[in-house]
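Here's the structure, in structure tokens; my notes come after.
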Amino acid sequence: MKSRLEQAKKFSLLSKEILRYVGESVMLGRTVEDPWIRRRKRIKLIQKYARKALKVLNVEVQVEDAHNYLLKDNALLVCNHMSYLDILVLSSVYPSCYVTSLEMKHTPVLGQLCDLGACVYVDRKTKKNLGKEIGEITQALTKGLNVCFFPEATSHNGEELLRFRKPLFNAARYAHKNILPVSLNYLEIDGESFSIKNRDKVCWYGDMDFLPHLWELCRAKKLVAKLKFLAPLNEPQSYHSRDLAIKTQEILTNEFQPAL
């Protein structure tokens, strides 16, 4: 009974932080006319509320090799992907705008948050608008924003990384911006190592619905996540997007700690 009350309290606190974030983001939309200044402010707002949300959820974020992200210039961040929680973990340390799918745009709650969160949308089902989508990411990088994308193109169950898709690496090539690989691992859930047995408390994949999963996530007493920032890939314009995808997949696969 006590754990159920704690779960409900955590869910309630998290809901209140989401509403506060929505309110502040909407206000920015009404008061800041320049779209790029507005997007930059929203990125900082996401960082602020990501930290609040992680505190509510009692998620400890360990950071390794932080010197690699203390770059003078902005970058294209490339990370593996297991859950919507990834975005909170990443944003708490490295404020970015995110590349996400049109399917996410139409997901209840998450879609509305993405609209307010300076996201760039891509259509995973067709390449018809691929040039325009790469152009939008390139423009964001050129304007000095950090951009994060998940080259697996979807979240997964934590057993192994999916094949990296190459097209969006072109944005870094066209903008002449470094690529910053970052490895994300969930180390512990309630004092136990991340495993097949407990992964579904964190991993959000397949046909899982968002709100029921978030409710179950609130049941966890403590989570430990680890970000490791790897050495940036400089001058990506000198390489083919295929080679960039292969190289970053090799780097992140070597750092990934799968659910066993």
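Rule-based calculations on the coordinates, nothing more; no lab input. Note that the structure is predicted; figures quoted are calculated from it, not measured. Please note: Cβ atoms are built from the backbone with ideal geometry, for glycine as well, and neighbour counts cover all protein chains shown.
Measure nothing but the geometry: give the 0 to 90° angle between the long axis through the Cα atoms of 2-31 and the longest principal axis through the Cα atoms of the chain, rounded to 10°. Roughly 40 degrees, rounded to the nearest 10. Summing +1 for each Lys or Arg and -1 for each Asp or Glu among the other residues whose beta-carbon sits under 12 angstrom from that of L76 gives +1. The Cα center of the stretch 67-88 and the Cα center of the stretch 114-166 differ in position by 13 Å. Ranking L113, L90, S101 by how far each Cα lies toward the positive end of the dipole of the stretch 76-155 (charges on Cβ) leaves S101 at the top. In a DSSP loop and with at most 12 other Cβ atoms within 10 Å, there are no GluC sites (Glu not before Pro) in the stretch 168-260.
Identify which of the listed values of Rg and Dmax of the Cα atoms in Å was calculated from the structure shown: [x] 19.3, 55; [y] 17.8, 60; [z] 23.8, 74. Comparing each candidate, only [y] matches the computed number. Taking the charge dipole of the stretch 180-260 about its Cα centre, with +1 at Lys and Arg Cβ atoms and -1 at Asp and Glu Cβ atoms, the residue from V224, W204, L214 reaching farthest to the positive side is V224. Computed over neighbours whose Cβ is under 14 Å from that of L102, the net charge equals +1, Lys and Arg +1, Asp and Glu -1. Dividing the helix sum by the residues of the chain, where each DSSP H run of 4 or more adds -39500 (n - 2.57), gives a mean residue ellipticity at 222 nm of -14000 deg cm²/dmol.
Taking Cα atoms, how many degrees apart are the long axis of helix 130-142 and the longest axis of the chain, rounded to 10 and kept between 0 and 90? Result, in degrees: 90. Each label was represented as a point 7 Å from its Cα along the Cα-to-Cβ direction; for R124 and E60 these points are 3.2 nm apart. So which cysteines in the chain don't have a second cysteine's C-beta under 4.7 Å from them? Within the chain, the cysteines lacking a partner Cβ under 4.7 Å are C79, C97, C148, C203, C218.
Look at the Cα gyration tensor of the stretch 170-235: its axes a ≥ b ≥ c give a/c of at least 1.5 with a/b over b/c, and that counts as prolate.
Net charge around R20, counting only other residues with Cβ within less than 11 Å of its Cβ (Lys, Arg = +1; Asp, Glu = -1)?
+1
When only the Cβ of Lys, Arg, Asp and Glu is charged (+1, +1, -1, -1), the dipole of the chain relative to its Cα centre reaches about 760 debye.
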